[in-house]
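*Asks:* Dropping the structure in here first, questions after.
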Amino acid sequence: MVAEVRDTIDQLNQRPDSTGRCLAAVDVFLADRTEENRAAAHTAFLAIPASQRRYALGDMDRKDWPLRVLVAGPGGRTYLPSDPPVSQEHYDRALAYFEERARRRTERDARVPADGPEASHAPAVQLYHSYPNTPVADPGHLGLRNDYPAPITVGEVVYPSVAHAYWALSVTQPEVSGAIAAADTAAAAREPAAATARREGWEHVRAAVMTSLLRAKYDQHPELAAILLATGDATMIYDDMNSAFWGDNAGRGRNWTGRLLELVRSELHMRRTGIPGL
C-alpha cells in the first residue's frame with residue numbers, strides 16, 4: 001500500500017512512477033544487453049507494487065509475462081513461485097515481444113493523425129484581464145477581449161462591447177438592460193447586472209448566447225477577425241477575475257471564453273476554405 005501511495009504521489013507531481021522507471025530501465029537493457037543493465041531492470045521491476053506488476057505493460061492478454069521473463073533472463077526465476085526456470089525459447093519470445101512493441105511504438109509516434117494535428121503548433125495566446133476603455137488603432141490581442149470597446153448590433157440594439165451585450169441579455173428588466181447598454185465601460189455595465197437576478201435558466205443558455213455575441217463581433221469587425229485568425233491554431237487562454245466559468249484563471253477556471261474564441265476562429269477559417277454545403 002505504501003508503494004502504491006508513493007506511485008500516486010509521483011503521478012500527481014507528473015514524475016515517472018515505479019512502472020515508468022521500470023520500463024525506462026528495460027529500454028536501457030534492450031539498447032545495451034549487459035547483465036548489469038538486466039539486474040537494474042530486474043530491481044526496478046520488483047519495485048513496482050505487487051498488485052500493479054501484472055498491468056505494467058498494459059497488455060491484458062499477456063499481462064507481465066514478457067517483462068518478468070526478460071528481467072529474469074535464461075535460466076533465471078521470476079517472482080512467481082509457480083513459474084518454471086526461464087528457458088531460452090521463452091526468453092527469445094520475450095525479446096521478440098519487446099522488439100515488436102518498440103516497432104509499433106515507433107510507427108505510432110511517426111503516424112500523422114488522419115484528422116490533422118492533435119496539439120496546436122502556435123504558442124498559446126494569453127488574454128490577460130484588462131480594462132480597455134477606448135478603442136485603439138492597433139489593439140493586438142487586446143481587441144480579442146470581450147470588454148474591448150467594439151460595438152456590436154444585436155437585433156435593433158447597439159451595444160458598446162460583447163460584455164455589455166452579454167450582461168444586458170442576462171436580465172429581463174428593460175430598465176436594467178437599458179442602463180447596462182448605456183454604461184460607459186464594460187466594468188460599469190457589470191455593476192447593475194450583478195445587482196440584478198439573472199433571467200431564469202440563464203446558466204443553461206449563457207454559452208450559446210456568448211457564442212452568438214462573439215460571432216457578431218467578428219462578423220461586424222473584420223479588423224478584429226483578422227487578429228483572431230492570425231493566432232493560427234493557438235490555444236486561447238482567457239483570464240477573467242470575475243468568473244472561473246469564463247476565465248482560465250491560472251488553471252483554476254473552465255476557460256469557456258477561450259474555447260469559444262477557438263470555435264469562432266475555426267468558423268472564420270471555414271468560410272475562407274469554402275467547404276461546400278456548409
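*Asks:* For residue 30, what charge total do you get from the other residues with a beta carbon under 13 Å from its beta carbon, if Lys and Arg give +1 and Asp and Glu give -1?
*Replies:* With Lys, Arg at +1 and Asp, Glu at -1, the neighbours total +1.
*Asks:* Expressed as a whole percent, how much of the Cα-Cα distance distribution for the range 2-110 exceeds 18 Å?
*Replies:* 50 percent
*Asks:* What number, rounded to the nearest 500 deg cm²/dmol, is the helix-based mean residue ellipticity at 222 nm of the chain, given -39500 (n - 2.57) per DSSP H run of at least four residues and division by all its residues?
*Replies:* Calculated at 222 nm, the ellipticity per residue is -15500 deg cm²/dmol.
*Asks:* Once fully extended, how much extra length lies between residue 93 and residue 212, figured as 0.36 nm per residue of separation less the alpha-carbon to alpha-carbon distance?
*Replies:* Difference between extended and current length: 36.9 nm.
*Asks:* Next question, about the same structure. What percent of all Cα-Cα pairs in the range 89-222 falls into each 10 Å bin, going from 0 up to the bin containing the maximum distance?
*Replies:* 10, 29, 22, 11, 9, 9, 7, 3, 0
*Asks:* Where does each of 36, 118 land when they are ranked from fewest to most other beta-carbon atoms within 10 angstrom?
*Replies:* Least to most surrounded, the residues fall as 118, 36.
*Asks:* Round to a whole angstrom and tell me the spacing of the C-alpha centers of the range 145-211 and the range 20-64.
*Replies:* 59 Å
*Asks:* Taking amide H atoms as placed 1.01 Å from N in the peptide plane, list the residues 5 or more away in sequence, or in a different chain, whose amide H sits under 5 Å from that of residue 127.
*Replies:* 237, 238, 239
*Asks:* Enumerate the calculated ³J(HN,Hα) couplings along the range 10-17 in order (Karplus 6.51 cos²θ - 1.76 cosθ + 1.60, θ = phi - 60°), each rounded to whole Hz, writing x wherever the residue is Gly or Pro.
*Replies:* Along the range 10-17, the couplings run 4, 5, 5, 9, 6, 10, x, 8 Hz.
*Asks:* Could you line up 172, 34, 185 from fewest to most neighbouring Cβ atoms inside 10 Å?
*Replies:* Ranked by crowding around the Cβ, least crowded first: 34, 172, 185.
*Asks:* Of 245, 45, how do they rank once you tally other Cβ atoms within 10 Å and put the fewest first?
*Replies:* Arranged by neighbour count, lowest to highest, 245, 45 become 245, 45.
*Asks:* What number do you get for the chain when its Cα radius of gyration is normalised by 2.2 N^0.38 Å, N = residues?
*Replies:* Normalised Rg, Cα atoms only: 1.54.
*Asks:* OK, next. What is the chain's relative contact order, in percent, from Cα pairs under 8 angstrom and six or more apart in sequence?
*Replies:* Dividing the mean separation by the residue count of the chain yields 11 percent.
*Asks:* Collect residues whose amide H, placed 1.01 Å from N in the peptide plane, falls under 5 Å from the amide H of residue 154; neighbours closer than 5 in sequence don't count.
*Replies:* Here the answer is 159, since their amide H atoms fall under 5 Å of that of residue 154.
*Asks:* What whole-number distance in Å separates the alpha-carbon centres of the range 72-121 and the range 224-264?
*Replies:* The range 72-121 and the range 224-264 have Cα centres separated by 41 Å.
Rule-based calculations on the coordinates, nothing more; no lab input. All values reported here derive from a predicted model rather than from experimental measurement. Neighbour counts run over all protein chains shown; Cβ positions are idealised from the backbone, glycine included.
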